Amino acid sequence: MSNAEDPLWPRASGWVTPGDGSCDVMLLGVPANRTSISATGADTTPAAIRAALTRYSTYSWAHDIDLARLHALDAGDVDEPDGSEGEARVMSRVRELVERTRLLVALGGDNSITYSVARGVFGDDVASGGLITLDAHHDLRDGISNGAPVRRLVEAGIAGANIVQIGIADFSNSREYAARARDLGITVVTRDALRRRPISDAMSEALAIAGGGGGPIHVDLDVDVCDRAVVPGCPAAAPGGLTADELRQVAFQAGRSPRVHSLDITEIDASADAPDQRTVRLGALLVLEAACGLAARPA
């Protein structure tokens with residue numbers, strides 16, 4: 001037996017098996033990248049995150065939880081998820097899978113997938129759904145791109161009062177889009193505000209607000225919300241963002257909330273990551289933290 005093959009140290013990659021049946025945690029790759037405002041290799045990221053799971057075990061010391069107690073499946077990737085036909089395929093696949101799992105984790109791909117994944121989760125009752133974004137950007141741009149999913153969800157029927165954006169950064173948005181967020185009634189927790197407030201408090205408040213419509217909550221983990229030093233594989237990340245640990249805390253809280261049916265992990269370009277793969281490895285840890293939160297949900 002090699003040192004890499006230790007039966008007492010099971011790898012997280014072995015915990016997730018291919019399939020799309022009933023389960024606790026379902027992974028779905030959504031490798032969108034064609035409508036990104038800046039060129040990105042984000043379509044390479046779902047496979048890279050899956051590979052990075054090999055680096056980690058299934059045990060959380062902090063919570064004394066072994067993810068082996070959860071049934072986790074990987075439904076593979078949605079083929080050609082960009083464009084109207086691609087988004088329709090994503091919505092249909094998500095709608096199918098979300099009925100079979102307690103927590104759907106979509107692996108992007110750029111941030112455009114937040115629109116199609118959330119629409120699939122909400123189904124015909126978009127108005128009751130809630131959205132929480134961890135993002136440096138408002139994503140309220142006009143048009144169709146990775147800078148527009150929040151605006152598109154509002155136009156589809158989600159109420160601005162049920163949207164919370166955490167981590168909005170200075171010099172990463174325009175006055176016009178900030179005004180649009182205010183006019184829509186979106187709750188914004190800026191990066192500056194988080195310097196004086198624990199992110200766990202902000203996330204607890206966000207879950208209460210986003211759940212106001214009574215429907216499922218979708219959480220968008222746009223990894224460019226983090227400091228560029230820890231996520232060099234996120235093209236739009238800037239110095240001064242969240243720490244990797246803060247984003248991991250949010251992923252755990254999201255998984256722990258019974259109102260959260262799905263989350264996405266977006267804006268990582270695996271092809272542009274540092275040689276140590278620190279961004280992709282964070283993506284893999286976000287999967288594990290969300291699953292750990294699910295395992296810790298109150299009975």
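For the chain, with the dipole built from +1 on Lys and Arg beta-carbon atoms and -1 on Asp and Glu ones, taken about the Cα centre, which of 76, 111, 136 lies farthest toward the positive end?
136
List the DSSP H helices in the chain whose Cα atoms stretch 15 Å or more along the helix axis and whose mean Kyte-Doolittle hydropathy is at least -1.0.
Those that pass (Cα extent of 15 Å or more, hydropathy at least -1.0) are 83-98, 199-210, 244-256, 278-295.
Distance from the Cα centre of segment 163-233 to that of segment 20-55, in angstrom?
22 Å
Quick check: Cα centre of segment 241-262 to Cα centre of segment 79-120, how many Å?
Taking the Cα centre of segment 79-120 as reference, the centre of segment 241-262 is 19 Å away.
Based on the alpha-carbon gyration tensor of segment 115-178 and its eigenvalue square roots a ≥ b ≥ c, which shape applies: rounded if a/c is under 1.5, prolate if not and a/b is larger than b/c, or oblate?
prolate
Rounded, prolate or oblate: which fits segment 44-201, taking a ≥ b ≥ c as square roots of the Cα gyration tensor eigenvalues, rounded meaning a/c under 1.5, else prolate when a/b beats b/c? If you can, show how the numbers build up before the last one.
Working: a/c = 1.78, a/b = 1.23, b/c = 1.44.
Oblate, because a/c is 1.5 or more while a/b does not exceed b/c.
Would you mind calculating the relative contact order of segment 136-260 from Cα pairs under 8 angstrom and at least 6 residues apart, reporting the percent as a whole number?
RCO, segment 136-260: 23 percent.
Can you give the calculated 222 nm mean residue ellipticity of the chain, where each DSSP H run of n ≥ 4 adds -39,500 (n - 2.57) and the sum is split over every residue, rounded to the nearest 500 deg cm²/dmol? Before the final figure, lay out each step's value.
Numbers: 9 runs with 98 residues, N = 299.
For the chain, the value works out to -10000 deg cm²/dmol.
Starting from the Cα of residue 155, move 7 Å in the Cα-to-Cβ direction to define the label point; list residues of segment 104-119 whose amide nitrogen is under 14 Å from there.
115-116
Place +1 on the Cβ of every Lys and Arg and -1 on the Cβ of every Asp and Glu in the chain, take the dipole about the Cα centre, and give the residue among 167, 101, 147 whose Cα lies farthest towards its positive end.
167
So if a site counts as exposed when it's one of the GluC sites (Glu not before Pro), its DSSP state isn't H, G, I, E or B, and it has at most 14 other Cβ atoms within 10 Å, what's the longest stretch of the chain without one?
Details: sites that count: 5, 99.
Between the exposed loop sites, the longest stretch runs 100-299.
What residue among 258, 237, 247 has its Cα farthest toward the positive end of the dipole of segment 234-282, where the charges are +1 on Lys, Arg and -1 on Asp, Glu, each on the Cβ?
258
Given the chain, report the % of alpha carbon pairs whose separation exceeds 31 Å.
19 percent
Quick check on the chain: of the DSSP beta bridges with both residues there, what percent are antiparallel, nearest 5%? Show your work: numbers first, answer last.
Details: 3 of 41 bridges.
For the chain, the DSSP antiparallel bridge percentage is about 5.
Loop only per DSSP, at most 16 neighbouring Cβ atoms within 10 Å: give me the chymotrypsin sites (Phe, Trp or Tyr not before Pro) in segment 42-94, ordered by residue number.
61
Any read-out appearing in this document is the output of simple, stated calculations on the displayed coordinates, not a laboratory observation. Just so it is clear, the structure is predicted and the values come from calculations on it, not from any experiment. In this analysis, Cβ positions are derived from the backbone assuming ideal geometry, glycine residues included, and neighbour counts consider all displayed protein chains.
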